[in-house]
Amino acid sequence: MLRIPCPHCGPRDEVEFRHAGSGVPLPEHATDEEWARVLYLRDTPLGPLTEQWVHVHGCRQWIHVVRDTRTHAIVETRPVSAPPAEPTS
Amino acid sequence: MKRLPDGGLGIDRTRPLAFTWNGTRLSGFAGDTLASALLGAGVRVRVLGTSVSAGRPRGIMSAGLEEATGFAQVARAPVEEPLVRTTALPLYEGLSAQGRIVKGALVPARDPSRFDWRYAHCDLLVVGAGPAGLAAALEGARAGARVIIADCAPVVGGTLRREARRIDGAPAEAWLAAVEHELRAAPDVTVLTGTTAVMPLDQNGMWLAQRVGGALPEAARGARPEQRLWQVRAQAIVLATGTLERPLVFPDNDRPGIMLAGAARHYLRQYALAPARGVLFTAHDDAYRTALAWHEAGVSVGAVIDLRPPGKGALRAAVHAAGIRVLNEAQVVGTDADAHGALCAVQVRAGGAMFALETDLLATSAGVDPNLHLHLHLGGTSTYDQRLGTAVPSAPLPGQSLAGAVTGRLTLADALAQGATTARAALGLAGEAAAPPTDDVDEDPPGLTWQVPAPDGDESRSFVDLHRDATVAGIVRAVDAGATHVEHVKRYTLVGTGVEQGRVAKVLAAALVAARAGHPAAVVGTSGSRPPVEPIPFHLVAGRAQGPRFEPVRTTALHAEHAALGAVFEPAGQWMRASRYPRPGETADDTVRREVRAARTGVALADVSTLGKLDVRGPDAAWVLDQLYVTPLASLPEGKARYAVLCHLDGSILDDGVVMRTGAHRYFVTTSTGHAAAVAEWMEEWLQTEWPDKRCWVTPVTEQFTTVAVVGPASRTLLAHVAPGLAVDRDTFPFLAVRTATVAGIANAQVARVSFSGELAYEVSVPWHDGPALWRALLAAGAPLGVTPYGLDALQVLRIEKGYLIVGQDTEALTTPHDAGLGWMVPTRKAFVGRRSLERIAPRAAGRAQLVGFRSHDPELVIPEGAALTSALGPPPMPIDGHVSSSRYSPTLACALGLALVRDGRARLGEVLHAPLLDGRVASVTLVDPVHYDPEGARRDGADHQ
């Protein structure tokens, strides 16, 4: 039961949120391999991981949460913004 | 053991309590636990039951959390609570229980008791109300902090309750009473007893399981919950969970009458329970307090048997001074039982000689283990302490600290000082706390050998886990078989998997593994620890969300109307929908056939309010919907509707529905029943994460409108009656048109010509609470036309006859629009979510499951939905070509038929497939086009003359 500090509403229990993917930016153009990576492949770091959550039982805003996969410590939360224009590697 | 004529600080002899044990009426006192009451009730109840594997008699071996055998099944009519720890349950008048020490039994009656949740926040949560915990809570209380302190015992005090200690020059009881009074009087302090911290949560949370009503006589329970689960969020947590005492292992060490030394003196001091003649067998100094306590109470002490050589510790000196017989470098090598299976003598080896000692209580102690489990559950680590021979915690987790004996510092002075210091640090208070002086004495180091080998070499009666009957022999066998890792030994022998969760057993087991495998104990470690600390009932975790509150039940505004018509209801997601409206004398099949016939030949009404509805509006609404949906929607004219499909990024179908353009910047979007929230969230996600600059707002409005489908060739006639101001002729109101009109006197009703049956049909939407007026008006005006309400059963038949799919039933996780036969709607050039994936998938369609129809060869045999279809009947394994997704009997075509997902299905129309059924029969089908009825769509506009 995580306690997530929603940037809009303050610290709330995990049950108020829904995990909403990894927020990988969508490229304008992609080869089949690149597109498959966007759809199906994810990094699984041992350490801080950026995730997308939505505060369904609160402000209903999508937020980014940086969570340490070893300790579950919430490193940072911030409102989600439009993904960068440049394609990511 | 028997009850002494006086003494017993914890019991009130003026309040005797009657209870029933295995059908026998017994008596105890207020303040007893069930365990102490049983021990005080005499010889005949020392034997609690027999163990599962070895069938050996067992009794009560502790006074607390170490208990591995003293469990009971407690009656709480009409149910019984299994595996209740007798050392935890306070005795109450009328308690009725049975000895079931190994496993409980489930009683099939439904438990009517309430189980509650409570959410609490505090500055300081203290787990454990022994000296360290109380000292911590006191600092918090005096600093004005919000404090919650919890202890699993029925009273606070911890180890202070079991021996006569002195704090600040006075009896510890005085300190205890004063502290408890101060804590309970402080307005922001909550003292919880009978409350076990069972599970830590991330970010400084904790679950506490509190016994409430269950500790009271039934008549006194009132409206109290049986148990309460506290979910606590604390700024800081202090774990003052103390230690657990470890028994010694020797042959026949499991008899009723053998118990932990600390427990023996706890029972004496608090409950005035004493043996006729006690013997102490120990490897450390603190256990000598039991011998001293017996001596002081006038109880005969047979001997103190110490594994270690003589020493200088003050407690050992005091026992010598009292004239108690002490044998050093001596062992108990066996025990004898009386006719009831209870302890009557021990076999002692000392100074090269073997002899027997008569005794009815052998108190054993190999030392103590810090009770680390809450620390370990969230990844806290421990290190091996060379002096104690056991694990002590290393660094505390963020936001937490440990205080007292749990850290491996075992003196009372340390407990009081650490408790206060950690609380001050946790609360950010400057300055040291003054810790009062105590009567701690120097002790010799504890012995690190805890097992006495059997003289005859048979280790199968030397028990390590008393609940699982795991023995030294079993562990030796495991290690010799190659299982040298404690986790492997645990699985091989089951040690530590019982009710006691290895609190005690796994430390003993780890030492034995280390010895046998020849590895240092520090390296071997102990097996992992997982929550909950103690078993908790599922009821408690469910709380109030049980029975009718497990899930909300949603009903439409027309629910009472359907009920008045005798409708049969069924759950569709969270909604209760009418399945059918039976008339007297009809079978279920009769009803469905009648309703289907009415819809296809007359006029019928269905409540379709549960279909998801979204209001989508804004200057960019057209752009947004056009991007999200496969179907072009920006070009949809005002006043028109279009069937549309939504895809995931991977090209699979997310949902389908009808989208209506109700204004230049307004759309009315429908979704499958139960999907409105998911589709609304999908739209929100795109708006917030990809298109934050677009001005488009999405509002779920499913519960704002009642929608009634008016269906059948006579539907136009009926609609004209109830909406006289609406032009309903074919040319003015064509298929897929959307109009606003006054219907049944309700202004601004929305009327859309859409059909899920293939017949002429209209969907009329009015504000939710106007639904009953609309429904009744339709029934009244439709009476001369034979208007017939129809439910989900008939609705399914009608749509299956027309090959209309339901997302999630006729589509699977990977089904694309092309797979579902909707390739015709995929535009060649428009962008939409999922396009990129379909560009790759569509040219590689070979072998994909495609939606087709089927007709059953036996027209009366309805093939179950989910049945697998194979082209090659024969011995297993048969290839699976697909499965039946929707299936009903069609009265219109007088045949059982349906829809199926079949590999390359569209190229296989006309082929025969087989469905082996669960009852052994094999059904055969022919694959056909999914549109079974009226493939030209001639019925859609009704008869010409209307």
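Every number here is computed from the coordinates shown, using simple stated rules; none is lab data. This structure is a prediction, so every number in the text was calculated from the model and none was measured. Note that each Cβ is placed from the backbone with ideal geometry, even for glycine, and that neighbours are counted across all protein chains shown.
With label points built 7 Å along Cα→Cβ from the Cα atoms of B:Glu329 and B:Ala174, find their separation and express it in nm.
Here the answer is 4.5 nm between the modelled labels.
Quick one: Karplus J couplings for segment B:748-765, per residue in order, coefficients 6.51, -1.76, 1.60, θ = phi - 60°, nearest Hz, x for Gly and Pro?
For segment B:748-765, the Karplus-derived couplings read 6, 6, 9, 10, 10, 8, 10, 9, 9, 10, x, 8, 4, 7, 9, 10, 9, 10 Hz, x marking Gly and Pro.
Computed FRET efficiency, Cβ-Cβ of B:Asp385 and B:Ala219, R0 45 Å: what is it to the nearest 0.05? Don't jump to the answer; show the numbers that get you there.
Numbers: r = 50 Å, r/R0 = 1.11.
Efficiency, from the Cβ-Cβ distance: 0.35.
Computed FRET efficiency, Cβ-Cβ of B:Ala773 and B:Ser27, R0 60 Å: what is it to the nearest 0.05? Numbers along the way, then the final one.
Numbers: r = 69 Å, r/R0 = 1.16.
The computed FRET efficiency comes out at 0.30.
Quick one: angle between helix B:771-782 and the longest Cα principal axis of chain B, in degrees between 0 and 90, rounded to 10, please.
40
Pairs of alpha-carbon atoms within less than 8 angstrom and 6+ residues apart define the contacts here; what relative contact order does chain B have, in percent? Spell out each step's value before the answer.
On the way: 2268 pairs, mean separation 81.9, N = 946.
About 9 percent, as a whole number.
Just to confirm the filter: which trypsin sites (Lys or Arg not before Pro) across segment B:816-891 are DSSP coil and have at most 13 other Cβ within 10 angstrom of their Cβ?
Values: sites: B:Arg829, B:Lys830, B:Arg835, B:Arg836, B:Arg840, B:Arg844, B:Arg848, B:Arg855, B:Arg888; in loops: B:Arg829, B:Lys830, B:Arg848.
Taking segment B:816-891 and a limit of 13 other Cβ atoms within 10 Å, the loop trypsin sites (Lys or Arg not before Pro) found are B:Arg829.
Residues in segment B:647-663, backbone N under 19 Å from the label point at B:Asn748 (7 Å along the Cα-to-beta-carbon vector): list them, ranges by number please.
B:660-663
Fully extended, how many nm does the chain gain between B:Asp589 and B:Arg549 (0.36 nm per residue separation, minus their Cα-Cα distance)?
11.1 nm
Over all directions, how big on average is the projection of the convex hull of the alpha-carbon atoms in segment B:600-757, in square nanometres?
Values: hull surface 38.2 nm².
The directionally averaged projection comes out at 9.5 nm².
Per residue of segment B:700-705, in order, report the coupling 6.51 cos²θ - 1.76 cosθ + 1.60 (Karplus, θ = phi - 60°) as ³J(HN,Hα) in whole Hz, putting x for Gly and Pro.
Working through the residues one at a time gives x, 10, 3, 8, 8, 10 Hz.
If you line up the Cα atoms of segment B:96-228 on their principal axes, what length do they span on each, largest first, in Å?
Over segment B:96-228, Cα extents along the principal axes are 55, 36, 29 Å.
What ranking of A:Cys6, A:Cys59 emerges when the number of other C-beta atoms within 10 Å of each C-beta is taken as an exposure proxy, fewest first? Working shown, then result.
Working: A:Cys6 19, A:Cys59 16.
Listed from fewest to most nearby Cβ atoms, that is A:Cys59, A:Cys6.
By how many degrees, 0 to 90 and rounded to 10, does the Cα axis of helix B:588-601 deviate from the longest principal axis of chain B?
Compared with the principal axis, the helix lies near 30 degrees.
Sort all Cα-Cα distances of segment B:160-208 into consecutive 10 angstrom bins from zero, then give the percent of pairs in each bin up to the one containing the longest distance.
Percent of Cα pairs in each bin: 21, 32, 33, 13, 1.
Limiting things to C-alpha atoms, what are the Rg and the maximum Cα-Cα separation (Dmax) for segment B:78-132, in angstroms?
In Å, with Rg to one decimal and Dmax whole: 16.3, 44.
Just tell me how shielded B:683-692 is by partners: mean number of partner chain Cβ atoms within 10 Å of each residue's Cβ, no decimals. Don't skip to the answer; put the middle values down first.
Working: counts 0, 5, 7, 0, 1, 10, 13, 5, 1, 5.
Mean number of neighbouring Cβ atoms from other chains: 5.
Provide the convex hull volume over Cα atoms per residue for segment B:742-809, in Å³. It would help to have the intermediate numbers written out before the result.
Values: hull volume 8.0 nm³, N = 68.
Cα convex hull per residue, to the nearest whole number: 118 Å³.
Averaged over all directions, how much area does the convex hull of the C-alpha atoms of segment B:570-683 cover when projected, in nm²?
On the way: hull surface 36.6 nm².
Seen from a random direction, the Cα hull of segment B:570-683 projects 9.1 nm² on average.
Report the equivalent ellipsoid semi-axes for segment B:522-578 in whole Å, largest first, defined as the square roots of five times the eigenvalues of the gyration tensor built from alpha carbon atoms.
Details: eigenvalues 468, 24, 12 Å².
Rounded to whole Å, the semi-axes are 48, 11, 8.
Could you compute how fast the protein assembly as shown diffuses translationally, taking Rh as the Kirkwood radius over C-alpha pairs and applying Stokes-Einstein at 10 °C with viscosity 1.306 mPa s? Give it in µm² per second.
Working: Rh = 34.2 Å.
Taking Rh from Cα pairs, D becomes 46 µm²/s.
Assuming 1.567 mPa s and 4 °C, estimate D for chain A with Stokes-Einstein, Rh taken as the Kirkwood radius over Cα pairs, in µm²/s. Write out the running numbers ahead of the final one.
Details: Rh = 14.1 Å.
The calculation lands on 92 µm²/s.
What number, rounded to the nearest 500 deg cm²/dmol, is the helix-based mean residue ellipticity at 222 nm of chain B, given -39500 (n - 2.57) per DSSP H run of at least four residues and division by all its residues?
Values: 22 runs with 203 residues, N = 946.
Calculated from helices alone, the mean residue ellipticity at 222 nm is -6000 deg cm²/dmol.
Give B:Lys2/B:Lys490; B:Lys640/B:Lys830; B:Lys640/B:Lys802; B:Lys312/B:Lys490 a once-over and call out the pairs whose C-alpha atoms are over 31 Å from each other.
B:Lys2/B:Lys490; B:Lys312/B:Lys490
Return one number: the angle in degrees, 0 to 90 and rounded to the nearest 10, between the long axis of the Cα atoms of helix B:131-142 and the longest principal axis of the Cα atoms of chain B.
Taking the Cα atoms of chain B, the angle to B:131-142 is about 60 degrees.
How big is the equivalent ellipsoid of segment B:292-448 along its three axes, where each semi-axis is √(5λ) from the Cα gyration tensor, reported in whole Å from largest to smallest? Don't skip to the answer; put the middle values down first.
Details: eigenvalues 290, 77, 43 Å².
Computed over segment B:292-448, the values are 38, 20, 15 Å.
For segment B:621-676 and segment B:107-151, what is the centre-to-centre distance using only Cα atoms, to the nearest Å?
53
Starting from 0.36 nm per residue, how many nanometres of slack lie between B:Ala109 and B:His181 once their C-alpha separation is accounted for?
Details: separation 72, 0.36 × 72 = 25.92 nm, distance 4.23 nm.
Roughly 21.7 nm would be gained on extension.
So what is the diffusion coefficient of segment B:257-354 in µm² per second by Stokes-Einstein at 20 °C and 1.002 mPa s, using a Kirkwood Rh over Cα pairs? Working shown, then result.
Numbers: Rh = 13.8 Å.
In µm²/s, the coefficient is 155.
Extending each Cα 7 Å along its Cβ direction at B:Val441 and B:Lys2, get the distance between those two points in nm, one decimal.
According to this spin-label approximation, the distance is 3.0 nm.
Percentage of Cα-Cα pair distances in segment B:684-835 greater than 19 Å, rounded to whole percent? Mind showing how you got there, number by number?
Working: 7456 of 11476 pairs.
Result: 65 percent of Cα pairs exceed 19 Å.
Equivalent ellipsoid semi-axes for segment B:199-284, as square roots of 5 times the alpha carbon gyration tensor eigenvalues: give them largest first, rounded to whole Å.
35, 23, 12
Measuring from the lowest to the highest alpha carbon on each principal axis, how far does segment B:547-597 reach, largest first, in angstroms?
Taking max minus min along each principal axis of the Cα atoms, segment B:547-597 gives 36, 18, 18 Å.
Need one value for A:11-21: mean number of C-beta atoms belonging to other chains within 10 Å of its residues' C-beta atoms.
Mean shielding by partner chains, rounded to a whole number: 2.
So how far apart, in nm, are the two label points at A:Arg18 and B:Ala563 if each is 7 Å from Cα heading toward Cβ?
If labels sit at A:Arg18 and B:Ala563, their model points lie 3.0 nm apart.
What does the structure give for A:27-38 when I average, per residue, the other chain Cβ atoms found within 10 Å of the residue Cβ?
That works out to 2 on average.
Quick query: amide H of B:Val212 versus all other amide H atoms, modeled in the peptide plane; which residues come in under 5 Å with a sequence gap of 5 or more or a different chain?
B:Gln227, B:Arg228
Report the Cα-based extents of segment B:824-908 along its three principal axes, largest first, to the nearest Å.
47, 37, 19
Provide B:Arg142, B:Arg503 in ascending order of the number of other Cβ atoms located within 10 Å of each residue's Cβ, fewest first.
Values: B:Arg142 16, B:Arg503 23.
Ordered from fewest to most neighbouring Cβ atoms within 10 Å, B:Arg142, B:Arg503 come out as B:Arg142, B:Arg503.
Expressed in nm to one decimal, what extension gain is obtained for the pair B:His121 and B:Ala321 from 0.36 nm per residue of sequence separation less their Cα-Cα distance?
Numbers: separation 200, 0.36 × 200 = 72.00 nm, distance 5.22 nm.
Working it through step by step, the gained length comes to 66.8 nm.
Per residue, how big is the convex hull around the C-alpha atoms of chain B? Give it to me in cubic angstrom, could you?
Numbers: hull volume 221.2 nm³, N = 946.
For chain B, the hull spanned by Cα atoms encloses 234 Å³ per residue.
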